[in-house]
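Shown next, in structure tokens, is the structure this report addresses.
What follows draws every value from the coordinates through simple rules; no lab data is involved. Every value quoted in this text rests on a predicted model; they were computed, and no experiment measured them. In this analysis, Cβ positions are derived from the backbone assuming ideal geometry, glycine residues included, and neighbour counts consider all displayed protein chains.
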Amino acid sequence: MLDRLYGASRGRGARAPDGRGHGVEDGESVPGRFARAYYESGETTWKDTTWLGVQTLKCPLDLWIYQELIHAVRPDLIVETGSWRGGSAHFMACICELLGRGDVVSIDIEPDASRPAHARVRYVVGPSTAPETVDLVRGLSAGKGAVMVVLDSDHRKAHVIEEMRAYGGLVTVGSYLIVEDTCINGHPVEGGFGPGPMEAVEEFLGEDPRFEVDRRWEKFMMTFNPRGFLKRTG
Ligand SMILES: C[S@@+](CC[C@H](N)C(=O)[O-])C[C@H]1O[C@@H](n2cnc3c(N)ncnc32)[C@H](O)[C@@H]1O
């Protein structure tokens, strides 16, 4: 029916049959050029994005994907590193509230008393990879049926892979380890960043066979997280 209204999506942007993504990380593709224009206009695009009035440093298409993922997985616990103003934690907590299931623990090295309170959110202040932080989160996730992890703190490769090693094991089979901002370091934005989340993902996949990239969640073509949605399969 929709194909009759809009035409079947078979153009450049359609997902490749082998499950490859839309090529957003290729800066010359249409999605890649849009991603660069969008990212580089940050002050009026992703930096000026709010959820219920709280700044949320996300692309709205990715937020919609989070809603679909949370609905699909129904996590009992979502672990987020990198709270910033609390917008993404608040967003995920609101989705959990609508589903009647799930809590969020959000970690940031910086305290910020203005982060929005929500009955389903617990903010933890401290370095995400400090043993006491990791131990606290391990304790909170013990015995949970489904756990999802979102890494969105310090985007340098060394830190991201440390977080992946620390928190990857908490992700339950069928759930996701989401590595934010794999788009930086030229995939296709911020070419001069240096090794970042994408490079951490590639190294991590080589050492942990329990995870695979699930490019279905890149279906809207534009994402800050190309190859960043990792499904735990084993
Ligand atoms: C990109 S922002 C998070 C954005 C937020 N998730 C959102 O979508 O609105 C990154 C945050 O990571 C925090 N951060 C940086 N290094 C960290 C570390 N080692 N441990 C925990 N948080 C860290 C920063 O203080 C900052 O608030």
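Key figures for this structure:
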quantity: Amide hydrogen neighbours beyond the local backbone of Asp103, cut-off 5 Å, H modeled; calculated: Leu77, Ile78
quantity: Shape call, region 76-119: gyration tensor on alpha carbons, a/c limit 1.5; calculated: prolate
quantity: Gyration tensor verdict on the chain (Cα atoms; rounded if a/c is under 1.5, prolate if a/b is larger than b/c, oblate otherwise); calculated: rounded
quantity: In region 21-232, lysine pairs with alpha-carbon atoms under 24 angstrom apart (chain gap of 8 or more, or interchain); calculated: 9
quantity: Hull shadow area, averaged, region 96-148 [alpha-carbon convex hull, nm²]; calculated: 4.2 nm²
quantity: Cα gyration tensor category, rounded, prolate or oblate, for region 182-234 with a/c compared to 1.5; calculated: oblate
quantity: Rg/Rg_globular for region 71-203, with Rg_globular taken as 2.2 N^0.38 Å and Rg from C-alpha atoms; calculated: 1.02
quantity: Computed over region 21-232: relative contact order in percent, which uses C-alpha pairs under 8 Å that are six or more apart; calculated: 22 percent
quantity: Highest-fluctuation residue, Ser153, Ser141, Ser114 considered, GNM on the chain with Cα pairs under 10 Å; calculated: Ser114
quantity: Gaussian network model of the chain, Cα within-10 Å springs - most flexible of Asp214, Asp135, Asp152; calculated: Asp135
quantity: Ellipsoid semi-axes in whole angstrom, largest first, where each is sqrt(5λ) of the Cα gyration tensor of region 39-135; calculated: 20, 19, 12
quantity: Residue-span extension gain [Glu43 to Phe220] - 0.36 nm each, minus C-alpha spacing; calculated: 61.5 nm
quantity: Projected label distance in nm at Glu28 and Leu205, using a 7 Å step from Cα toward the beta-carbon; calculated: 2.2 nm
